[in-house]
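Just below is one structure, and these are the notes that go with it.
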Amino acid sequence: MMASRWRAWCALPLSVSNAVSETPVSMLASAPSPSAWFTVSNLPVWRESTWPRIGYTSCMSMSPLLLALDFIGTFAFALNGALTAVRTARLDIVGVVTLGMFTALGGGTIRDMLLDDLPPATFLDWRYLALAAGGGLLAFALSRRLERLAMPITVLDAVGLSVFAVLGALKALEMGFGVVQAVIIGAITAVGGGTIRDVMIGRIPTVLRSELYAIPALIGAGCAAAAHSLGHQGTVAALGAASVCFVIRMLGVRFDLHAPRPPAGP
């Protein structure tokens, strides 16, 4: 019995091969393509987001300059978030480092969750975690001295805001999302971490009540999406869009500009 079953299984590939070779060409041409097999609703669709990835660069290749700016922004966000924890909430070392890491990595994590690109790039490249933790520890250890460097930290924070907004928008576009969705994703990437930070310390997010912060991110992401749609997809276009966001942000800091507010009551 077992021997007969074994012979039947061994003959199966041969019989299938013969059946295919004897099938008329017209029937083969009209057969559905393999890609159509995955359109059936009860079958899982093999999406690009399920492919193995190593860091953020697998979805969209970044130049060394953009990657360096991305790292600088991650470190600056962690530093700024941890200093906010020290100044406002008076947290211990665990709270300071945690708040710094949420500030630096929260926006990118939200971005990847919205794009269904899991696990998030943060957990696939140890350098992001190391930079975020390092920024939080540095802020905890040198908080008093770093208070004197408020403007340099603000400049680095503006760099991070610009790069995060542009790279978030470009990642959404590379994954097939529309321009409007890419602009929203870029802005969320840029301001999401700071929003999480403010919520965790129990205050209204800064981006919703003061400073010119979300508007530069939206403009920078919009410039990146527009350039991408026009066929300009290189490093120069990305840096140009990030520069627009950076200039607007720094003008807001220099002249103390704020987003429009409703008129005051009588």
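The values are calculated or read from the model by the stated rules, or taken from the named source; none is laboratory data. As the structure is a computational prediction, the values presented were derived from the model and not from experiment. We place every Cβ from the backbone using ideal geometry, glycine too, and count neighbours over all the protein chains shown. These area figures cover heavy atoms from the full protein model, side chains too; ligands, DNA and RNA do not enter into them. Shrake-Rupley method; radii C 1.70, N 1.55, O 1.52, S 1.80 Å.
Quick look at the values:
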quantity: Which numbered condition residue 134 fails, given (1) touching a residue at least 40 places away in the same chain (Cβ under 8 Å); (2) closer than 20 Å to residue 201 by Cα; calculated: (2)
quantity: Matching residues, segment 167-187, being small (Gly, Ala, Ser) and open to solvent by less than 10 Å² (accessible area, probe 1.4 Å); calculated: 168, 169, 172, 182, 186
quantity: Positions within segment 93-108 being open to solvent by 70 Å² or more (accessible area, probe 1.4 Å), out of contact with any Leu (no Cβ under 9 Å at 6 or more places or on another chain) and either in a loop (DSSP other than H, G, I, E, B) or farther than 26 Å from residue 175 by Cα (or both), in sequence order; calculated: 94
quantity: Failed criterion for residue 213 (all others in (1) more than 22 Å from residue 103 (Cβ to Cβ); (2) open to solvent by less than 70 Å² (accessible area, probe 1.4 Å); (3) without any contact (Cβ under 8 Å) to a residue 60 or more places away in the chain hold); calculated: (1)
quantity: Criterion (open to solvent by 50 Å² or more (accessible area, probe 1.4 Å), closer than 30 Å to residue 251 by Cα and out of contact with any Pro (no Cβ under 6 Å at 6 or more places or on another chain)) met by exactly one of 127, 90, 148, 111; calculated: 148
quantity: The listed residue being at pLDDT 90 or above and more than 18 Å from the chain's Cα centre (by Cα), out of 99, 105; calculated: 99
quantity: Qualifying residue in segment 237-251 (condition: more than 16 Å from residue 161 (Cα to Cα), in contact (Cβ under 8 Å) with a residue 40 or more places away in the chain and open to solvent by less than 60 Å² (accessible area, probe 1.4 Å)); calculated: no
